[in-house]
Amino acid sequence: MKSSRSDKIMHGIIYVLLIFLAFITFYPFWNSLVISFNNGSDTALGGVTFWPRSFTFENYNIVFKEDNIFRAYMITILRTVLGTALSMFFTSLFAYGLSKKGIVFKKFYMIICIITMYFTGGLIPYFILIYQMQLYNTFTFLLIHGMVNVFNMIIFRTFFAELPDGLEESGRIDGCSNFGVFFKIVLPISGPVMATLGLFTAVGLWNDWFTPAIFISDQNLIPLQTLLVQIINAGATASLMSNLNSYAQSLVQNTVTVKALQMATMMIATLPILMIYPFLQKFFVKGALVGSLKE
Amino acid sequence: MKKETIPSGVPAKAYKPLGTKAPGTGVWSRFARQWDYQLMILPSIIFILIFSYIPMWGVLMAFKEYNLFEGFAASPWVGTMHFRMFFESPEFWSIVRNTFGISLLKLLIGFPAPIILALMLNEVKNIVFKSIVQTVTYIPHFISWVVVSGLVFSMLAVDNGAVNEVLVKMSLIDKPINWLSIPEYFWGILVSVGVWKEIGFGSIVYMAAIAGIDPAMYEAASIDGASKFKQIFKITIPSIAPVITIFLLLGVGNILNAGFEDILLLTKNLNNGILMPYAQTVDTYVYQMGILNQRYSYATAAGLLKSVLSVLLLYVANTISRRFGKASLW
């Protein structure tokens, strides 16, 4: 089938627009990566775009030497791993219980859940509650904030409800309790759902800067993203740099610039996600689709 | 126990004798028998009751003069004072304007953008090129707003910022502009960055919907001599209309969520005073008044007003959509 001239023009325009979109999406990341590997005072002269002009590891050296950043990184990793595990554990168990037929109060439980999807008390009453429960400024709070996720519960529940009955029957014949059936039979075959929801939960925890910014005042307990906000907002003023020893020293010695350090810190906060992304893209895409179902 | 006869016409299984309490049919004995399933459910229900429902009850503090140290019960009731104060505050109208303005702009541009991207990607026959574009454009969704704000500051910088460099080279502007110091540009920047971040990820659902269209329709159309362009409007868009409607509904329901993280970060935690007349929305105002200024009751009142309006809006949008026989959220 021959394509008409107008079709060819349209395809030409589409290719140009898509290349442009891909470029403006990619370039800011690439440029930041380049700047993070370029000598700071050289970057300040301008013109550093696609390739480092004066390559150096200096910026990363300083960032990795900084205790505050290292500690914040550890808190981020700990929160992401433990928080995701806790959330997946309680949410899937919750969903499994609710997926069973003939559960007493099931309707009541579901109504409780669904109301929270449309109406919340808002930021301030939640803040007061956390303060009164003495969870303010604790790592525990960072782990349990948003632990039971109603959206994820509904997706899990749909998945569990569609499992064939015979599957669980075989476990019961082997003498498993209902908990045993869940952990030994149901969980092992929930891999794809678990991976998709777990991935989104983990990315959410990794990227969360706002919860710690509000509920954590102890500078030793804040995760990387929250520290990164402080570093970005500090800009050229060296006020914050007094907290960051190796930053301050290197700035005094004039070997690097604030911008170079910002970029290097941004990169170490982003690289883990960029690195796992190509391998798990399948799950990321799946998440977008279950996400639309739950809505 | 007296034996009852089952009335004819009622299936034996469905018939439950009235007024009898056979052992094991009561709610609590059934509850006891399924204790293990209940044990799976209850911790989460308690969690939700504590962390979602206590704050819902806590919104009553909007009608009190809440004092953090006296506690909820001891704080005096003040009626609708905080609501009136909010209405009469000098910021009120600019908050309303910004919230609706930013939201509508986000809906007007941010909503169709992923649909257009999906339609364009669908026309690409080169699989490698298509997957590269998809892979690249999905990424920003998974990057934190913190990093995105860092990228924005870097790209829009006066010194060597890429946007200024390009515009100066193209002679569109004479000298670099400090984009984030001009309030009139803020909405545009906010909406552009939002589209940049979400366009790829948002296109996934539409791609999936397009993939479900019967290819025979396109074949029939091209035999009839319809151009590609015409096919998009006559086949593709009508076929994915239900998905579009659902997402439009959600968009309307979210119209009061003009933005929060993005605004906080792009205004440097609301410290960019020049931008604030155009950047302050209900959410940022609640945050500023409640968390930064510790006017808890006042901030709760503003937040409550927004929540109630939001639920109402979603309800109205859904009712309208239902009336026209289109998709419904519930």
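The values are calculated or read from the model by the stated rules, or taken from the named source; none is laboratory data. Not measured: the values here are computed from a predicted model. Note that we place each Cβ from the backbone using ideal geometry, even for glycine, and neighbour counts take in every protein chain shown.
Anything in region A:23-40 that is surrounded by 17 or more Cβ atoms within 10 Å (Cβ to Cβ) and either within 11 Å of chain B (Cβ to nearest Cβ) or closer than 21 Å to B:Asn164 by Cβ (or both)? List them, or say none.
If the condition is that a residue be surrounded by 17 or more Cβ atoms within 10 Å (Cβ to Cβ) and either within 11 Å of chain B (Cβ to nearest Cβ) or closer than 21 Å to B:Asn164 by Cβ (or both), then A:Thr25, A:Pro28, A:Phe29, A:Asn31, A:Ser32, A:Leu33, A:Val34, A:Ile35, A:Ser36, A:Asn38, A:Gly40 are the ones that fit.
When you go through (1) surrounded by 17 or more Cβ atoms within 10 Å (Cβ to Cβ); (2) at pLDDT 90 or above one by one for A:Thr140, which number turns out not to apply?
(1)
Matching residues to (1) closer than 30 Å to B:Phe69 by Cα; (2) touching a strand residue (DSSP E or B) at 6+ places or on another chain (Cβ under 8 Å); (3) among the small types (Gly, Ala, Ser); (4) buried (at least 21 other Cβ atoms within 10 Å of the Cβ):
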| position | (1), (2), (3), (4) |
| --- | --- |
| A:Phe70 | no, no, no, no |
| A:Gly83 | no, no, yes, yes |
| A:Met88 | no, no, no, yes |
| A:Tyr96 | no, no, no, yes |
| A:Lys106 | no, no, no, no |
| A:Ile115 | no, no, no, no |
| A:Gly121 | yes, no, yes, yes |
| A:Met147 | yes, no, no, no |
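Given the criterion part of a helix (DSSP H, G or I), under 30 Å from the mean Cα position of the chain (by Cα), hydrophobic (A, V, I, L, M, F, W, C) and more than 19 Å from A:Ile24 (Cα to Cα), identify the matching residue among B:Ile132, B:Ile115, B:Ile95, B:Ile109.
After ruling out the rest, the residue left standing is B:Ile95.
If you take the residues in region B:241-256 that are in a loop (DSSP other than H, G, I, E, B) and buried (at least 17 other Cβ atoms within 10 Å of the Cβ), which one is farthest from the other protein chains (Cβ to nearest Cβ)?
B:Ile255
Among all residue pairs at least 6 apart or on different chains, which show Cβ distances below 8 Å where the first residue, located in region B:242-265, is without any contact (Cβ under 8 Å) to a residue 40 or more places away in the chain and the second is in a loop (DSSP other than H, G, I, E, B) and not aliphatic (A, V, I, L, M)?
B:Phe260/B:Thr281
Tally time: how many residues in region B:270-289 are within 22 Å of the chain's Cα centre (by Cα) and assigned to a helix (DSSP H, G or I)?
Total meeting the criteria: 9.
With the condition being among the aliphatic types (A, V, I, L, M) and at pLDDT 85 or above, I'd like the helices (runs of 4 or more DSSP H) fully within region A:143-184 carrying at least 2 qualifying residues.
Counting at least 2 such residues, we get A:150-161.
Report the residue count in region B:159-181 for those that are touching a residue at least 24 places away in the same chain (Cβ under 8 Å) and away from chain A (no Cβ under 14 Å).
Summing the residues that are touching a residue at least 24 places away in the same chain (Cβ under 8 Å) and away from chain A (no Cβ under 14 Å) in region B:159-181 gives 0.
If the requirement is being among the polar types (S, T, N, Q), closer than 30 Å to B:Asp159 by Cα and at the interface with chain B (Cβ under 9 Å from one of its Cβ atoms), which of these qualifies: A:Thr56, A:Thr43?
A:Thr43
Identify all residues within region A:80-125 that are among the small types (Gly, Ala, Ser) and in contact (Cβ under 8 Å) with a residue 12 or more places away in the chain; write none if there are none.
A:Gly83, A:Ser87, A:Ser92, A:Ala95, A:Ser99
Residues that are of a type in the set (S, T, N, Q) and more than 29 Å from B:Ile199 (Cβ to Cβ): list the helices (runs of 4 or more DSSP H) wholly contained in region A:1-105 that include at least 1 such residues.
A:40-43, A:58-65, A:67-99
What are the residues in region A:126-138 that are facing chain B (nearest Cβ under 7 Å) and either over 23 Å from A:Gly83 (Cα atoms) or in contact (Cβ under 8 Å) with a residue 60 or more places away in the chain (or both), if any?
A:Phe127
Restricting to region A:84-108, and then to whatever is farther than 22 Å from A:His145 by Cβ and hydroxyl-bearing (Ser, Thr, Tyr), can you tell me which residue is farthest from the other protein chains (Cβ to nearest Cβ)?
For region A:84-108, the residue satisfying everything is A:Ser99.
How about region A:208-224: which of its residues are part of a helix (DSSP H, G or I), surrounded by fewer than 24 Cβ atoms within 10 Å (Cβ to Cβ) and out of contact with any Gly (no Cβ under 9 Å at 6 or more places or on another chain)?
Matches in region A:208-224: A:Phe210, A:Ala213, A:Ile214, A:Phe215, A:Gln219, A:Asn220, A:Leu221.
I'm checking my understanding of the structure. Among residues of region B:167-203 that are polar (S, T, N, Q) and not in a helix (DSSP H, G or I), which one is surrounded by the fewest Cβ atoms within 10 Å (Cβ to Cβ)?
The residue in question is B:Ser171.
Being at the interface with chain A (Cβ under 7 Å from one of its Cβ atoms) and not in a loop (DSSP other than H, G, I, E, B) is the filter here; which residues of region B:140-152 pass it?
Of everything in region B:140-152, those that are at the interface with chain A (Cβ under 7 Å from one of its Cβ atoms) and not in a loop (DSSP other than H, G, I, E, B) turn out to be B:Pro140, B:Phe142, B:Val146, B:Val147, B:Ser149, B:Gly150, B:Leu151.
Considering only residues of region B:222-240 that are assigned to a helix (DSSP H, G or I) and touching a residue at least 24 places away in the same chain (Cβ under 8 Å), which is surrounded by the most Cβ atoms within 10 Å (Cβ to Cβ)?
B:Thr236
How many residues are under 19 Å from B:Ser131 (Cβ atoms) and more than 9 Å from chain B (Cβ to nearest Cβ) when one looks only at region A:3-22?
Here the count works out to 2.
Identify the residue in region A:264-287 that is more than 12 Å from the chain's Cα centre (by Cα) and not hydrophobic (A, V, I, L, M, F, W, C) and, among all such residues, is surrounded by the most Cβ atoms within 10 Å (Cβ to Cβ).
Step by step, filter region A:264-287, then rank; the result is A:Thr265.
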